[in-house]
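The values are calculated or read from the model by the stated rules, or taken from the named source; none is laboratory data. Just so it is clear, the structure is predicted and the values come from calculations on it, not from any experiment. Every residue, glycine as well, gets a Cβ built from its backbone with ideal geometry; the counts of neighbours run over all protein chains shown. Heads up: the accessible areas ignore ligands, DNA and RNA and are worked out on the full protein's heavy atoms, side chains in. Shrake-Rupley method; radii C 1.70, N 1.55, O 1.52, S 1.80 Å.
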2 protein chains.
Amino acid sequence: MNFTLNVLGTASALPTTERYPSAQVLDVRGRLFMIDCGEGAQIRMRKAGISFLKIEHICLSHIHGDHIFGIFGLLSTMGMLGRSSQLNIFAPVSFGPVLDFFMAHFGEGIKFVINFVPLEMSEPEIVYENRTTELLAFPLNHRVKTFGFIIREKMPPLNIRKEAIQEYGLSLSEIGTLKRGEDVVREDSVIASSEITYRKYVPRSYAYCSDTAPFPELAQWVKGVDLMYHEATFPEELSDMAEKTFHSTTVQAARIASEAGVGRLLVGHYSSRYPSVDFFLEELRSVFPESYLAGDMDVVDIPQM
Amino acid sequence: MNFTLNVLGTASALPTTERYPSAQVLDVRGRLFMIDCGEGAQIRMRKAGISFLKIEHICLSHIHGDHIFGIFGLLSTMGMLGRSSQLNIFAPVSFGPVLDFFMAHFGEGIKFVINFVPLEMSEPEIVYENRTTELLAFPLNHRVKTFGFIIREKMPPLNIRKEAIQEYGLSLSEIGTLKRGEDVVREDSVIASSEITYRKYVPRSYAYCSDTAPFPELAQWVKGVDLMYHEATFPEELSDMAEKTFHSTTVQAARIASEAGVGRLLVGHYSSRYPSVDFFLEELRSVFPESYLAGDMDVVDIPQM
């Protein structure tokens, strides 16, 4: 069962030949969540072999061009490919007029339903869920209304180890009790749920935090995720610039990761000032050793355990 | 003095990993004319080493996404790079609301003047000229209002061969007469302008015809251009499809080229049906031998003669 991040673009405002603007696709058990959709995202998707029609959800962090200018082409392409299944778009309220404009001028070929879910929350909220997966959105701290996202597997139900059913001669009612995590109390003994039940897997989780300056609640909100993508537009030497533009530095991103106790930190959204961002890594790892630099077309897998 | 076409994208509606949507930049003596601006054009420009700030004019053929979805990102980038010089945009009237929308939602950083010239003509008209160069627009035959473009050098002035001035003892007034192309009539002789004047170069010309179905006037309008780019969305086997969608086949493009007596025909805007379009070339050359297939990032030079 996949839980795989495809990084399609890691540039900030100005794309380069190597880095396209922000766009990602997270494959959760074969269901695809797109996060941000910078210019050229559909071309990157083709290169990565990602099906346009399998995208079920598009999450847009904010309405700056480098995070959304790819959506016009992508929606048009979905229309031309004959998509019929509903597409959910989670985005700030301000995306409404952008979508209306697109549909009025370029939407002729769009025969599928676009379900636009405007985001307005002031703390994390579940905005979508299916049997196995939840999508949460929460506010970030940028120049315009911006939202981060957490996509995570739900806790799988408790299963009884097969051999225990015979061993203890469990009744259906007792099995139900144990599966709810409660112990079975018999006249002469107690059967502990924790001893004969297990979960099929440990739920995996991913958080996307871009664009944002640091703010007090963030670490708590992304606490313990397996993988966090956080913008690191600037290295420490440009912390003034980061503050002015409501972006983060390497060290700020790493501090959030450390405080939140995430499994791995992945950074991107690099300023185009730096032909190489290799030196970002030292700054990151001085604070949080499990830091990594995202590159365009990187694939990051979180294996099921 | 350059007269050089940079082909940035040759896909039709659906881009592929190899072919981006329509976009070109023609360098005329160091002044850059962009023609169409499909998604990813700014990334292609970077790759081709074309300066964003040197683009003086953007000509948009029609308001279909695959010809214009790159302009939002390109204008934003120009703004972020601090462009201050005026940008002319020649486009169908229907581009007006698109530009207004862009400026209202994403135009904050645009500090340069955008001079939008709406196109409405029913036959070729000069829409811009400078000392050496003319830009003409003319209607094409597509599903929505669409325009083609001719960019051509003006006829350079007549110069007198230096040695002739002394040989004939020409007066200033006689020199003026000869430079106007008129003969000087003296009491005992006639000095023919054609014999002692020359032009520094032969004017070069380029025509862009995409998207369009064939129509009777086109060959006349592009008559004798050195290079014509014409769409060839389909091969002959899909002539029905071409007719239905107001596109052209290889043979139709080649016939226009032949009838117009252009120097070279360059085709593009290929349907994504065909992983290889090599077989288009045979069809083209069976009608017009000087046919060529455009590829993304191709550079076609018309040398000065």
**OP:** Mind listing whichever residues of the stretch B:4-24 are without any contact (Cβ under 8 Å) to a residue 60 or more places away in the chain, crowded, with 24+ Cβ neighbours inside 10 Å and either out of contact with any Pro (no Cβ under 7 Å at 6 or more places or on another chain) or assigned to a strand (DSSP E or B) (or both)?
**Re:** B:23
Original post:
When you go through (1) open to solvent by 40 Å² or more (accessible area, probe 1.4 Å); (2) part of a helix (DSSP H, G or I) one by one for residue A:102, which number turns out not to apply?
Top reply: (1)
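Of the residues that make up the stretch A:71-88, is at least one under 14 Å from the mean Cα position of the chain (by Cα) and within 12 Å of chain B (Cβ to nearest Cβ)?
No.
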**OP:** Output the number of residues of the stretch B:108-134 satisfying the condition of being within 30 Å of residue A:95 (Cβ to Cβ), at pLDDT 95 or above, open to solvent by less than 50 Å² (accessible area, probe 1.4 Å) and part of a loop (DSSP other than H, G, I, E, B).
**Re:** 2
Subject >> In the stretch B:11-35, the residues that are more than 21 Å from residue A:52 (Cα to Cα) and within 14 Å of chain A (Cβ to nearest Cβ) >> reply: B:23
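Looking at the structure I just gave you, is residue A:94 open to solvent by 20 Å² or more (accessible area, probe 1.4 Å) and either touching a helix residue (DSSP H, G or I) at 6+ places or on another chain (Cβ under 6 Å) or of a type outside the set (D, E, K, R) (or both)?
Considered against the rule, which asks whether it is open to solvent by 20 Å² or more (accessible area, probe 1.4 Å) and either touching a helix residue (DSSP H, G or I) at 6+ places or on another chain (Cβ under 6 Å) or of a type outside the set (D, E, K, R) (or both), residue A:94 comes out as yes.
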**OP:** Please go through the stretch B:13-28 and pick out each residue that is modelled with pLDDT of 95 or more and more than 14 Å from the chain's Cα centre (by Cα).
**Re:** B:19, B:20, B:21
**OP:** Give the stretch B:187-227 a look and list any residue that's touching a residue at least 12 places away in the same chain (Cβ under 8 Å), farther than 22 Å from residue B:153 by Cα and not acidic (Asp, Glu), or say none.
**Re:** B:191, B:193, B:196, B:212, B:213, B:214, B:215
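Being closer than 19 Å to residue A:144 by Cα and among the hydroxyl-bearing types (Ser, Thr, Tyr) narrows it down to one of A:212, A:250, A:197, so name that one. Quick ask: steps written out before the conclusion?
On the way: A:250 fails: closer than 19 Å to residue A:144 by Cα; A:197 fails: closer than 19 Å to residue A:144 by Cα.
Exactly one residue qualifies, and that residue is A:212.
Given the criteria modelled with pLDDT of 95 or more and exposed (fewer than 15 other Cβ atoms within 10 Å of the Cβ), does residue B:70 qualify?
Working: modelled with pLDDT of 95 or more: yes; exposed (fewer than 15 other Cβ atoms within 10 Å of the Cβ): no.
Criteria not met by residue B:70.
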Original post:
Can you find even one residue in the stretch B:40-55 that is away from chain A (no Cβ under 14 Å) and assigned to a strand (DSSP E or B)?
Top reply: yes
Original post:
Within the stretch A:56-67, can you find the residues that are more than 7 Å from chain B (Cβ to nearest Cβ), open to solvent by 10 Å² or more (accessible area, probe 1.4 Å) and assigned to a helix (DSSP H, G or I)?
Top reply: A:66
